[in-house]
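Remarks on the structure that follows.
The values are calculated or read from the model by the stated rules, or taken from the named source; none is laboratory data. Just so we're clear, the structure is a prediction, and the values are computed from it rather than from any experiment. Positions of Cβ are generated from backbone atoms using ideal geometry, with glycine treated the same way; all protein chains shown enter the neighbour counts. Quick note on the areas: whole protein, heavy atoms, side chains included, nothing else; ligands and nucleic acids left out. Shrake-Rupley method; radii C 1.70, N 1.55, O 1.52, S 1.80 Å.
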Amino acid sequence: RGLRIQASAHYVPNRVVKNAELTQLMDTSDEWIQTRTGIRQRHVVIDENTSDLALHVATDLLGQSGLSAHRLDFIIVATMSPDYQTPSVAAQVQGELGATNAFAFDINAACSGFEYALKIANDLINSGSQRGIVIGAEVLSKLVDWHDRTTAVLFGDGAGGVLVEGVESNSRVLATDLATFGASGQKLTAGKMANGNAFGANQQAQPFFQMDGRAIYSFAVRQVPASIELTVAKANLMLADIDKFVLHQANGRIIERVAKGMDIAAIKFPTNVANYGNTSAASVPILFDELVKTGQITRGDTIALAGFGGGLTVGTIIIKY
Ligand SMILES: O=C(O)C1CCN(c2ccc(-c3cc(CO)ccc3Cl)cn2)CC1
């Protein structure tokens, strides 16, 4: 008995912003963005927020499975961009679905959030929960300074997720590796609230992304292969046993660097960063769902999901789909 992914879904807001449109807001170019990041466009919200994106995914998952919301035991949303501090996005989704038997909570591991959440779901199922929904959902466009060309060109909005269930089958989580490097956390920050109160306090709000791009780049190129290789070893597998590597879609060149560094063909590292930009915790489930829906991932495949970014964090999960 193990965790089986019963359905997958994704949702992005309708408003597409192509690179050329950004050149009207800041000093950048389509050519620079494409060559340095692989991004051609991103989706941004107009009147939706993170819980709306997550609810679309949850509703789609229930629709695909034919299950009533009452059958859900838990709802976990990985996000660094919730509508509120409280209620959580997961609680908002639980309320809108009427999933009255589900406990619901958000987790924040930034771009590794979906892997952290899926590992937690696996532990819940291995300790008695039967069924739940795991979603990565982000509206990063509210955390971006749209005049800062070093960050504004990188990020987008979106959500993706899976319905998981404990069943007797070959589908299961084979191994995981979650790692955090908090001492380097200041390399990538966003959404700092002021600490003011009636008695003083002096920290200013810092709402927008600030990133030491070079530091994150070298962190990823080093720690992502290390995490994948550790998880493959934990699963008693070889790298060649992995059919697809579904990596956080932060930057096309970083994914190329990781694949090359591991001496693995680029075909095993599919990308869709061109279409969505970096959607943090949503990027892996969005890509995973696209690969399933287009038949590039099929039942019986061995898949490695790997997230990396804010925290700093890394998270790898190997699943037999
Ligand atoms: O080429 C250049 O000058 C620049 C060099 C720096 N770049 C970067 C650097 C880091 C990231 C990134 C971000 C996150 C946050 O979710 C997570 C993971 C990563 Cl690897 C994305 N792009 C852009 C092009």
* To do: Being within 12 Å of the ligand (Cβ to nearest atom) and assigned to a helix (DSSP H, G or I) is the filter here, so list the residues in region 146-183 that pass it.
  => 149, 150, 151, 152
* Give the residues of region 18-67 that are closer than 16 Å to residue 278 by Cα, among the charged types (D, E, K, R) and in a loop (DSSP other than H, G, I, E, B), sorted by residue number. => 40
* **Index of the failed condition, residue 148 passing every other in (1) open to solvent by 10 Å² or more (accessible area, probe 1.4 Å); (2) closer than 19 Å to residue 76 by Cα** => (2)
* Asked: Which residues, taken from region 169-195, are exposed (fewer than 12 other Cβ atoms within 10 Å of the Cβ) and either of a type in the set (A, V, I, L, M) or at pLDDT 95 or above (or both)?
  -> 182, 183, 186, 193, 195
* Please work out if residue 190 is within 16 Å of the ligand (Cβ to nearest atom), closer than 26 Å to residue 145 by Cβ and more than 20 Å from the chain's Cα centre (by Cα). => no
* Taking the stated definitions as given, is residue 284 within 9 Å of the ligand (Cβ to nearest atom), β-branched (Val, Ile, Thr) and within 16 Å of residue 317 (Cβ to Cβ)? -> no
* To do: Test each condition in (1) within 22 Å of residue 136 (Cα to Cα); (2) surrounded by 13 or more Cβ atoms within 10 Å (Cβ to Cβ) for residue 213 and report the one that comes out false.
  => (1)
* If you check 226, 198, 266, 259, which single one turns out to be open to solvent by less than 30 Å² (accessible area, probe 1.4 Å), of a type outside the set (S, T, N, Q) and more than 10 Å from the ligand (Cβ to nearest atom)? -> 259
* If a residue has to be in contact (Cβ under 8 Å) with a residue 40 or more places away in the chain and among the acidic types (Asp, Glu) to count, how many in region 84-116 make the cut? -> 2
* **Complete set of residues in region 99-135 that are in a loop (DSSP other than H, G, I, E, B) and crowded, with 21+ Cβ neighbours inside 10 Å** => 99, 102, 109
* Go through (1) within 20 Å of residue 164 (Cα to Cα); (2) touching a Phe, Trp or Tyr at 6+ places or on another chain (Cβ under 6 Å) one by one and return the number of the condition residue 11 breaks. => (2)
* Answer residue from region 277-299, given it is in contact with a Pro (Cβ under 7 Å, 6 or more places away or on another chain) and open to solvent by less than 10 Å² (accessible area, probe 1.4 Å) and is nearest to residue 142 (Cα to Cα) among those -> 287
* Structure fact -> Those residues of region 77-116 which are within 16 Å of residue 164 (Cα to Cα) and within 16 Å of the ligand (Cβ to nearest atom) amount to 78, 114, 115, 116
* Asked: Before we move on, is residue 271 open to solvent by 50 Å² or more (accessible area, probe 1.4 Å) and either among the β-branched types (Val, Ile, Thr) or within 26 Å of residue 13 (Cβ to Cβ) (or both)?
  -> yes
* Could you say whether any residue in region 59-76 is over 30 Å from residue 128 (Cα atoms) and either within 16 Å of the ligand (Cβ to nearest atom) or not charged (D, E, K, R) (or both)? -> no
* Go through region 1-28 and give me each residue that's over 21 Å from residue 157 (Cα atoms) and either basic (Lys, Arg) or surrounded by fewer than 16 Cβ atoms within 10 Å (Cβ to Cβ) (or both). => 1, 4, 27
